[in-house]
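Written out below as structure tokens is the structure these notes cover.
The values are calculated or read from the model by the stated rules, or taken from the named source; none is laboratory data. Note that the coordinates shown come from a computational prediction; the quantities given were computed from them, not determined experimentally. With ideal geometry, Cβ positions are generated from the backbone for all residues, glycine too; neighbour counts draw on all protein chains shown.
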Amino acid sequence: MQFDARVVEVRKKLEDHEGGVWRFRYKNKLLYYKNYVYVPGVPGLKEEILAHFHNSKEGGHSGWLRTYIPEKIWEDLTMDFVEGMLSNGGYKSILIVMDRLSKGAHFIPLKHPFTDSSVAKAFVDNMVKLHGIPRSIVTDRGKLFMSSFL
């Protein structure tokens, strides 16, 4: 940490004040600010640390219920409705279906009033025909989703 002038300055002051200075403290060769490890403003260092803890095996949650990462596009989806839009050809709602891996999305227009069977039909016509049956679908557990897809 000696390559950052601010770290050197704060560290020198902390050596004289055991309790800490300006919300900084020095412990086990690490400088802390507000109980967080201080990362100096060295170009690329923060990005390197974030990449390591985000992309490495050590970075993800690795227990029994570890963070799930989809392996194939369009097999794990999220869905939600956007309603109350201005009418365009009688369509006032959109069913948004997003792939959790690629973040690609399909926007399926729906006419009001729609039913659970019309939503299911729109899903099959627009999603299943293109991408096959998904492995999982995450929704807000709305009444329409629960009756349409069970």
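Among the conditions (1) on the phi < 0 side of the Ramachandran plot; (2) at pLDDT 80 or above, the only one that Asn35 does not satisfy is (1). What pairs come out if I take residues in the stretch 87-109 that are part of a strand (DSSP E or B) and pair them with residues that are surrounded by fewer than 18 Cβ atoms within 10 Å (Cβ to Cβ) and charged (D, E, K, R) whose C-beta lies under 6 Å away, six or more apart or interchain? Cβ pairs passing all conditions: Tyr91/Lys111; Ser93/Glu83; Ile96/Asp80. Filtering the stretch 81-97 to residues that are surrounded by 17 or more Cβ atoms within 10 Å (Cβ to Cβ) and within 16 Å of Ile137 (Cβ to Cβ) leaves Phe81, Leu95, Val97. Looking only at the stretch 55-80, residues that are of a type in the set (D, E, K, R), more than 14 Å from Ile137 (Cβ to Cβ) and at pLDDT 80 or above come to 2 in all. Would you mind stating whether Gly90 is out of contact with any helix residue (DSSP H, G or I) (no Cβ under 7 Å at 6 or more places or on another chain) and at positive phi? So Gly90 fits the description; yes.
Is at least one residue of the stretch 105-116 at pLDDT 95 or above, small (Gly, Ala, Ser) and closer than 30 Å to Glu47 by Cα? Yes - at least one qualifying residue is present in the stretch 105-116. Counting residues in the stretch 113-133 that are within 26 Å of Pro70 (Cβ to Cβ), of a type in the set (S, T, N, Q) and surrounded by fewer than 12 Cβ atoms within 10 Å (Cβ to Cβ) gives zero.
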